[in-house]
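Novice: The structure that follows is given in the form of structure tokens.
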Amino acid sequence: MSGVKAGEDMGSRRTSSSSSMSVTDTETTNKPAKKTPNDFIFGKAIGEGSFSTVYLAKEVGVDKEVAVKVLDKRHIIKERKNEYVMREREVLMKLNHPFFIQLFCTFQDTERLYFVLSYARGGELLHYLNKLSSFDVACTQFYAAEIVIALQHLRNLGIIHRDLKPENILLNDEMHIQITDFGSAKILKDSSPEENSKGGDGTPASGGRRNSFVGTAQYVSPEVLTSKKASFSSDLWALGCIIYQFLAGLPPFRGGHEYQIFQKITKLEYDFPEGFPDSATDLVERLLVIDETNRLGCPELGGFGPLKDHEFFKGINWDSLKDGPAPKMMPYLPATSHNPELWSSERVGFDDKRLVEIITDTVMTADERKKELERQATGNKYHQFVEGNLILKQGLIDKRKGLFARRRMLLLTEGPHLYYVDPANMVLKGQIPWSKELRPEAKNFKIFFVHTPNRTYYLEDPESRTEEWVRKIREVWRRYYSSDNKPVERP
Ligand code: ATP
């Protein structure tokens, strides 16, 4: 790829003068240690990017895990991503803060580039957010505060991330943030941090192509969309979107396609779901401001001081954040969502309201099953969604994601399957994936959870019959997963 000749050492940040020292040693000398792939023992692949694979690895003779990002040169050249890769390296080399992925060294061979990085053992923050749907106030406060500190470090170095989002926030083994993915970043030359809110050189944020944007649709700021100029404040906008998403379960600007999302961003068209905490509402409203010189945290408003002093961050000890424990990740399920009044105005059709429950038991004969299935095929309009399986229980539920809820017909069938259908449009929306690890849990008479390895589903039964759901799901679990098929305490 241009700028880097095959076989040339791309650079080494953490080097050593002793053969026993590793890529994890601190920088004590400028002499580059010429690493090669043979210096590392490569383990499993831990992630895939568009033109890279990340491996867990250890340097030979060093008992410390690192992540090695291996990039395919031909692919990078073909996709014209040279600049992207070189920028990522340049930014990573400038960073020196615990809230960022650390680049220990880079090297290459004829076909590949290698970035040796600190290993974020906790994985992606997005994984936990997907699993829980939302984060409670303590967790949101903690992670938002760590992002604020990270942004302050970036500003001091004159760097705009430009693609800040939960996917780009990894976690170390103690669950502190490790921000990554600097391919879209911008380094402002001769910037005066805390004084310079503009993009500085005024070049298009896309790096030349004015008709494209850098970043991810849901988190992109209005100034990037309208003037194509990113500023430090663009990352503050993304922070506002992230705080909203942590608590609400979905980002503030949503739409079926990018254009729709962009329209909403430029018109500041979003609202807060019921239950969104007041102090967080105030903070988000001060971050999601169209005028980038009027966003809390921007230099024009006094920099990071006023942002850190915001009521939402009350109680945060900014100096000891990185050394303190991360809070246990919990979903945000405020009491208001349990309020029956929320549902009282909702009306469902007669057919849907009448819960059809076929209590099958293990002694159902093949003949009886066949008859039930025939009855279902002719008399149950949801038969079309269940792939010929017998429905064991069905009922309307409200499937919650953060503070948002959608009414669905939940269908527990043989197989086993848990299908959910949009009853208004009669469209199959998905399935809760069954496995031996699936576990239902009644929270109260109205709310039950279905835990799966990658996600917990929060389900509300407007009929207040969660116990029936949990009992039936457990019964099906026993039928399919209990090795001796004897009743077990709980799945
Ligand atoms: P794209 O290049 O398409 O934007 P990406 O930036 O996610 O994707 P990579 O940087 O190659 O691509 O990372 C791929 C995946 O590997 C990430 O999504 C992340 O889950 C994992 N990963 C990357 N770096 C590390 C690291 N230092 N520690 C642990 N996991 C990592």
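The values are calculated or read from the model by the stated rules, or taken from the named source; none is laboratory data. Values in this document were obtained by computation on a predicted structure and should not be read as measured data. Using ideal geometry, Cβ is built from the backbone for each residue, glycine included, and neighbour counts are taken over all protein chains shown. To get the accessible areas, we keep the full protein, side chains included, count just its heavy atoms, and leave off ligands, DNA and RNA. Shrake-Rupley method; radii C 1.70, N 1.55, O 1.52, S 1.80 Å.
Novice: Between a residue in segment 254-272 that is polar (S, T, N, Q) and any residue that is open to solvent by less than 60 Å² (accessible area, probe 1.4 Å), which pairs come within a Cβ distance under 7 Å, given they are 6 or more apart or on different chains?
Specialist: Taking only residues 6 or more apart or on different chains, the pairs are Thr266/Pro222; Thr266/Leu225.
Novice: Take Asp181 and tell me if it is open to solvent by 10 Å² or more (accessible area, probe 1.4 Å) and either touching a Phe, Trp or Tyr at 6+ places or on another chain (Cβ under 9 Å) or not in a loop (DSSP other than H, G, I, E, B) (or both).
Specialist: No.
Novice: Sticking with this one: Examine segment 290-299 for a residue that is at pLDDT 90 or above, surrounded by 14 or more Cβ atoms within 10 Å (Cβ to Cβ) and among the polar types (S, T, N, Q), and state whether such a residue exists.
Specialist: There is at least one residue in segment 290-299 that is at pLDDT 90 or above, surrounded by 14 or more Cβ atoms within 10 Å (Cβ to Cβ) and among the polar types (S, T, N, Q).
Novice: Additional query: So, of the residues in segment 45-75 that are among the acidic types (Asp, Glu) and surrounded by fewer than 19 Cβ atoms within 10 Å (Cβ to Cβ), which turns out to be nearest to the ligand (Cβ to nearest atom)?
Specialist: Top of the filtered list is Glu48.
Novice: Turning to a different aspect of this structure: Take the conditions hydrophobic (A, V, I, L, M, F, W, C) and either buried (at least 20 other Cβ atoms within 10 Å of the Cβ) or assigned to a loop (DSSP other than H, G, I, E, B) (or both) and apply them to Leu392. Does it pass?
Specialist: Considered against the rule, which asks whether it is hydrophobic (A, V, I, L, M, F, W, C) and either buried (at least 20 other Cβ atoms within 10 Å of the Cβ) or assigned to a loop (DSSP other than H, G, I, E, B) (or both), Leu392 comes out as yes.
Novice: Please determine whether any residue of segment 433-445 is farther than 21 Å from Lys131 by Cα, of a type outside the set (Val, Ile, Thr), assigned to a loop (DSSP other than H, G, I, E, B) and open to solvent by 40 Å² or more (accessible area, probe 1.4 Å).
Specialist: Yes: segment 433-445 contains one or more residues that are farther than 21 Å from Lys131 by Cα, of a type outside the set (Val, Ile, Thr), assigned to a loop (DSSP other than H, G, I, E, B) and open to solvent by 40 Å² or more (accessible area, probe 1.4 Å).
Novice: Right, next: Given the structure, is Met409 among the hydrophobic types (A, V, I, L, M, F, W, C), surrounded by fewer than 16 Cβ atoms within 10 Å (Cβ to Cβ) and outside any helix (DSSP H, G or I)?
Specialist: Against the criterion (among the hydrophobic types (A, V, I, L, M, F, W, C), surrounded by fewer than 16 Cβ atoms within 10 Å (Cβ to Cβ) and outside any helix (DSSP H, G or I)), Met409 does not qualify.
Novice: Return the total of residues in segment 289-327 being assigned to a loop (DSSP other than H, G, I, E, B) and of a type in the set (A, V, I, L, M, F, W, C).
Specialist: Number satisfying all stated conditions: 8.
Novice: Counting just the residues of segment 81-129 that are under 30 Å from Leu459 (Cα atoms) and within 13 Å of the ligand (Cβ to nearest atom), which one comes out surrounded by the most Cβ atoms within 10 Å (Cβ to Cβ)?
Specialist: Of everything passing the filter in segment 81-129, Leu125 is surrounded by the most Cβ atoms within 10 Å (Cβ to Cβ).
Novice: When only residues in segment 460-491 that are modelled with pLDDT under 90 and either of a type in the set (Val, Ile, Thr) or in contact with a helix residue (DSSP H, G or I) (Cβ under 6 Å, 6 or more places away or on another chain) (or both) count, which is surrounded by the fewest Cβ atoms within 10 Å (Cβ to Cβ)?
Specialist: Applying the filter and picking the extreme gives Val488.
Novice: How do the pairs read when you match residues in segment 61-78 that are farther than 19 Å from Lys44 by Cβ and β-branched (Val, Ile, Thr) with residues anywhere that are open to solvent by 10 Å² or more (accessible area, probe 1.4 Å) and outside any helix (DSSP H, G or I), using Cβ under 8 Å and keeping only pairs 6 or more apart or on different chains?
Specialist: Ile76/Met1; Ile76/Phe51; Ile77/Met1; Ile77/Ser2
Novice: From Leu225, Leu247, Leu188, Leu170, grab the single residue that is more than 15 Å from the ligand (Cβ to nearest atom) and either at pLDDT 95 or above or buried (at least 22 other Cβ atoms within 10 Å of the Cβ) (or both).
Specialist: From the options Leu225, Leu247, Leu188, Leu170, the qualifying one is Leu247.
Novice: If you don't mind, another one. One residue is enough: does segment 276-288 have a residue meeting the conditions under 21 Å from Ile179 (Cβ atoms) and in a loop (DSSP other than H, G, I, E, B)?
Specialist: yes
Novice: Yes or no: Glu146 surrounded by fewer than 19 Cβ atoms within 10 Å (Cβ to Cβ), acidic (Asp, Glu) and on the phi < 0 side of the Ramachandran plot?
Specialist: no
Novice: Continuing with this model, one more query. Modelled with pLDDT of 95 or more and over 27 Å from Gln178 (Cβ atoms), is that true of Phe304?
Specialist: no
Novice: Ok, one more. Residue check: is Ser435 on the phi > 0 side of the Ramachandran plot and of a type outside the set (Asp, Glu)?
Specialist: Against the criterion (on the phi > 0 side of the Ramachandran plot and of a type outside the set (Asp, Glu)), Ser435 does not qualify.
Novice: Restricted to segment 145-166, and to residues that are over 15 Å from Val91 (Cβ atoms) and either at pLDDT below 95 or among the β-branched types (Val, Ile, Thr) (or both), which residue is nearest to the chain's Cα centre (by Cα)?
Specialist: That would be Ile147.
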